[in-house]
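Taking it in order: structure first as structure tokens, then the write-up.
Bear in mind these aren't lab numbers, they're just calculated from the coordinates by the rules spelled out. Just so it is clear, the structure is predicted and the values come from calculations on it, not from any experiment. Note that we place each Cβ from the backbone using ideal geometry, even for glycine, and neighbour counts take in every protein chain shown.
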Amino acid sequence: METRFISFDQTRIAVHIAGRGPLVVLLHGYPLDHRMWLDVMSSSLAGERTFAAIDLRGHGQSPWCGDAMHTMDLMADDVSAVIRTLTDDAVDIVALSMGGYVAQALAARHPELVSSLALVDTRARGDTAEQRDGRDAAMQTLQREGRAAIARAMLTKLLAPRPEVDPLAQLLAARLTTMIEALPVETILADLRGLRDRPDRTESTKSVQIPVLVVVGEHDAITPPAETEAWAAEIPGARHVIVPDAGHMPPMENPTEFVRVLGEFWSGLD
Ligand code: MLT
């Protein structure tokens, strides 16, 4: 895997590249970084596609740039700058949860850069009043108790229930905790404000002119399959696929099936 740093307007974005063939841009969820995609990037699909996993501003190896709020539009514009640096062509996007909000902003603001969208465990609508209150509560928890408390709270939401002694449960918990506890506190606060205040993308996503795949983990508690299925039904031509044995993180919890689903989607486009 090769890491490149792309700089523009006081911003430095890290992008991690592996594989060969047409470019696929991978966008991670909150509060994570490119490492959530490592199983996908080292899968057999890397023989057919070049994966470029971006660390959104303030995450992973991309430094926090001083913003109090990471709006989805701001992060989508960063992604557009990275794509324009890497290629002259439109790219396939695979984007999980917050990454999916960013991908939908990208498709609305820079449609010429996107050739297909795989939207994973995400949604188009904005936060409900209750979810907005939850973002404010998370900010208070973070400031009072630190990142470890955010990591503890997120683990139960991100992963499907598994026995604590299950080696996969332990590995997933360790990988996620490592990512969350490496984030600057300022990044988590800026993400939470951006997530809380993000606009509804229902209408713009419904009218995209490119192939759309909506994927969700069978046990996802954040964007449950019943919700994603109803959403996909409103997007003309979109396919909806449920990944078994996974919660909110199918690319980490069941990478074999996740990779199969992606490969099938792309082979239908070729
Ligand atoms: C994510 O996984 O990116 C978050 O759960 C998104 C959210 O909380 O809306």
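Below is a table of values for the structure above.
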{"read-out": "Number of positions in region 141-170 that are crowded, with 17+ Cβ neighbours inside 10 Å and farther than 26 Å from D39 by Cα", "value": "1"}
{"read-out": "Qualifying position, being more than 16 Å from the ligand (Cβ to nearest atom) and free of Cβ contacts under 8 Å to residues at least 12 places away in the same chain, among S7, S44", "value": "S7"}
{"read-out": "Where a residue in region 153-166 is in contact (Cβ under 8 Å) with a residue 40 or more places away in the chain and more than 12 Å from E253 (Cα to Cα) and its partner, wherever it lies, is within 16 Å of the ligand (Cβ to nearest atom) and part of a loop (DSSP other than H, G, I, E, B), with Cβ under 6 Å and at least six apart", "value": "K157/A221; K157/I222"}
{"read-out": "Some residue of region 11-24 being within 16 Å of the ligand (Cβ to nearest atom) and not acidic (D, E)", "value": "no"}
{"read-out": "Every pair of residues 6+ apart whose Cβ atoms lie under 7 Å, when the first sits in region 212-237 and is away from the ligand (no atom under 16 Å from the Cβ) while the second is of a type in the set (K, R) and assigned to a loop (DSSP other than H, G, I, E, B)", "value": "none"}
{"read-out": "Count of residues meeting criterion [away from the ligand (no atom under 16 Å from the Cβ), in contact with a strand residue (DSSP E or B) (Cβ under 9 Å, 6 or more places away or on another chain) and outside any loop (DSSP other than H, G, I, E, B)] in region 79-108", "value": "8"}
{"read-out": "Residue that is surrounded by the most Cβ atoms within 10 Å (Cβ to Cβ) [pool: residues in region 109-131 that are of a type in the set (K, R) and within 12 Å of the ligand (Cβ to nearest atom)]", "value": "R123"}
{"read-out": "Selection within region 43-72 - assigned to a loop (DSSP other than H, G, I, E, B), among the polar types (S, T, N, Q) and touching a strand residue (DSSP E or B) at 6+ places or on another chain (Cβ under 7 Å)", "value": "Q61, S62"}
{"read-out": "Some residue of region 170-191 being over 19 Å from the mean Cα position of the chain (by Cα), over 22 Å from G58 (Cα atoms) and away from the ligand (no atom under 13 Å from the Cβ)", "value": "yes"}
{"read-out": "Candidate set from region 171-197 (those that are surrounded by 15 or more Cβ atoms within 10 Å (Cβ to Cβ) and polar (S, T, N, Q)); member that is nearest to Y30 (Cα to Cα)", "value": "T187"}
{"read-out": "Only listed residue being surrounded by fewer than 20 Cβ atoms within 10 Å (Cβ to Cβ) and in contact with a strand residue (DSSP E or B) (Cβ under 9 Å, 6 or more places away or on another chain), chosen from G237, G217, G247", "value": "G237"}
{"read-out": "Count of residues meeting criterion [in contact (Cβ under 8 Å) with a residue 60 or more places away in the chain, surrounded by fewer than 14 Cβ atoms within 10 Å (Cβ to Cβ) and away from the ligand (no atom under 15 Å from the Cβ)] in region 198-211", "value": "1"}
{"read-out": "A14 being small (G, A, S), surrounded by fewer than 24 Cβ atoms within 10 Å (Cβ to Cβ), within 22 Å of S97 (Cα to Cα) and touching a strand residue (DSSP E or B) at 6+ places or on another chain (Cβ under 9 Å)", "value": "yes"}
{"read-out": "Residue match in region 132-140 (condition: of a type in the set (S, T, N, Q), within 14 Å of the ligand (Cβ to nearest atom) and surrounded by fewer than 13 Cβ atoms within 10 Å (Cβ to Cβ))", "value": "no"}
